[in-house]
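Inspection log for the structure reproduced underneath, given as C-alpha cells.
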Amino acid sequence: PPHILQTLSGQGQLTVDEGVVHNLNLLRDVFEKLSMIPGLVERLQERLPPSYLKKLEARDTVLAPLVVSFTINGNVANFRQIQITTDTVQIIGDSTVGLDGRITAQALLLIDPDFSLALAKSVNEFRYLADPQGRIGIPLVIQGILPELRVFPDLKYVAAKLAISKTSEVIGDLIQKKFGKKEEPS
C-alpha cells in the first residue's frame, strides 16, 4: 500500500550478473547528441575499426557484472558511487530510483581509450576531455521512467572545457613566443 512505501527505510546491495539495457545503445546515444559538431560522426566512422562500428550499431547496452550498495528512504532508493561498466564505457556517479521506476542520475561517462583516441583524431579538441588514462570523460544526466531512459550529455560543460583548454593552449603559445619557454598558464 502507498502508506507503507512512504515509511520504508533501510539499506541493501543490488547485484546484477547479466545486465542489459534494452533499446538503448548508450555510446551511440551520446554520440548522436554530440553530432552538433559538424562532420563528427562521419570522421569518427572513418577512423573506427569495424569491431567498434559494430558496437555503435548494437541495439542494447550489455553491462558487466555489477554490485551496488543503496539506501532506501521513503519510496526512493539512493545509489552512491555507482560504477557501471560496458565493453566501451564506464559510468561513475550517483542515482536516485523511485519505487515507481523513475530514475535520475548524474554521472561521468568515461569512453574506452581506443575509442577515445579515434574520437580525438576525428575532432582534435576532444583530446582536452581525456583523463591521464586516455579516456574521454563526458558528464551525463540520465532521466526517465523504466524502461524509457533518456541520456543527456552536458554539452555546456564540454563546450566550456574545450574553450578553456584551447584558450590555455593559445596563452601558453604566446608565453613561449614572448619569453622563449613553455609554461602552463594557471
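Nothing in this text is a laboratory measurement; each read-out follows from the coordinates by a stated rule. Since this is a predicted model, take the numbers as computed values, not measurements.
What is the set of long-range amide H partners of Leu63 at a cut-off below 5 Å, with H atoms built 1.01 Å from backbone N?
Gly19, Val20, Val21
Which translational diffusion coefficient, to the nearest whole µm²/s, is obtained for the stretch 1-119 from the Stokes-Einstein equation, given a Kirkwood hydrodynamic radius over C-alpha pairs, 20 °C and 1.002 mPa s?
132 µm²/s
Taking amide H atoms as placed 1.01 Å from N in the peptide plane, list the residues 5 or more away in sequence, or in a different chain, whose amide H sits under 5 Å from that of Asp154.
Here the answer is Leu140, Val141, since their amide H atoms fall under 5 Å of that of Asp154.
For the stretch 66-75, just list the computed ³J(HN,Hα) in residue order, Karplus coefficients 6.51, -1.76 and 1.60, θ = phi - 60°, integers in Hz, with x standing in for Gly and Pro.
Ordered by residue, 3J(HN,Hα) equals 9, 10, 9, 8, 8, 10, 10, 9, x, 9 Hz.
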